[in-house]
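J.: Take this structure first; my questions come after.
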Amino acid sequence: MKSFLFVATAVACVSSAASAGVIYSTGFNASEGYVVGNLNGQQGWTTQQPSTGTGSPVASITAAGTMQMNSGTSAAESARYAWNAGYAAQFDVERAAGNTRLYTVVDMNVPRAQTSVGRIGVYNFDATGTKILSGFFITLNTGILSLVGSYNNAGTVGNYSFATTTAIVFDTWTTMTTTWDSDTGRFQVFMGSTGFYVDGAAAGATADETDFYSTRNGGTVAGTAFFDNLEVGTTTPAPGALALLGVAGLVGGRRRRS
């Protein structure tokens, strides 16, 4: 598959001038009812891995009031997901009101000097649970950002990843933003103010779920990333200068709800 990249810089992806409807937000704070420990079962959150495996929990609340996501060390632990309740009905109401663009904003911190080749990020799924509408992951040992989304690759539609040459700054909180336009299928990701887009293949779908995601990516060393200040919502479409990416490779489908 051919790969190409044009780098550009953009201003804020969720424009303050655009009308917006917040679907869900959390800071993982004690004031919201979170307690230190396993995220599963707290404030509507569910976590899942294919089997019990070994190693640390999928996701947990730290004493600092952040969410820690871990990649596994064995095939039995990959991939891992953490998600809150679905929002398909609310998204359809927002779309009918003209807010046709789904967005997620979250702060992410990747510790330095990890040898794990694992990947940790955020995926937004459609109501069938099979299409990734927009998403990203960071490869932990390099910090490199990749986009993820539904894409038509010369007639083969699937969930694809698109590697960039842009890396997150380790040990630093960075605001990560994704958007997906339900009218056009375009998905985009911003790391701070640097953005990238792909014209995807999921136009007309209904957004339903935002998941934190991790995979060991074939490695056997666990990795970690931290998240804070998640917001999921809708806006009216607004233009922006972004980077266009070529296909990097297929990514695995999501787990089905149990």
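Read the figures in this text as sums done on the coordinates, not as results from a lab. These numbers come from a predicted model, not from an experiment. Neighbour counts run over all protein chains shown; Cβ positions are idealised from the backbone, glycine included.
J.: 5 Å is the cut-off here: which amide hydrogens, built 1.01 Å from N in the peptide plane, fall below it relative to ASN217, excluding neighbours closer than 5 in sequence?
T.: Here ARG119 satisfy the definition.
J.: Just order 68-74, 225-231 by mean Cβ neighbour count inside 10 Å, highest at the front, would you?
T.: Descending mean neighbour count gives 68-74, 225-231.
J.: Listing TRP45, TRP180, TRP173 from the residue with the fewest other Cβ atoms within 10 Å to the one with the most, what is the order?
T.: Ascending number of Cβ neighbours within 10 Å: TRP173, TRP45, TRP180.
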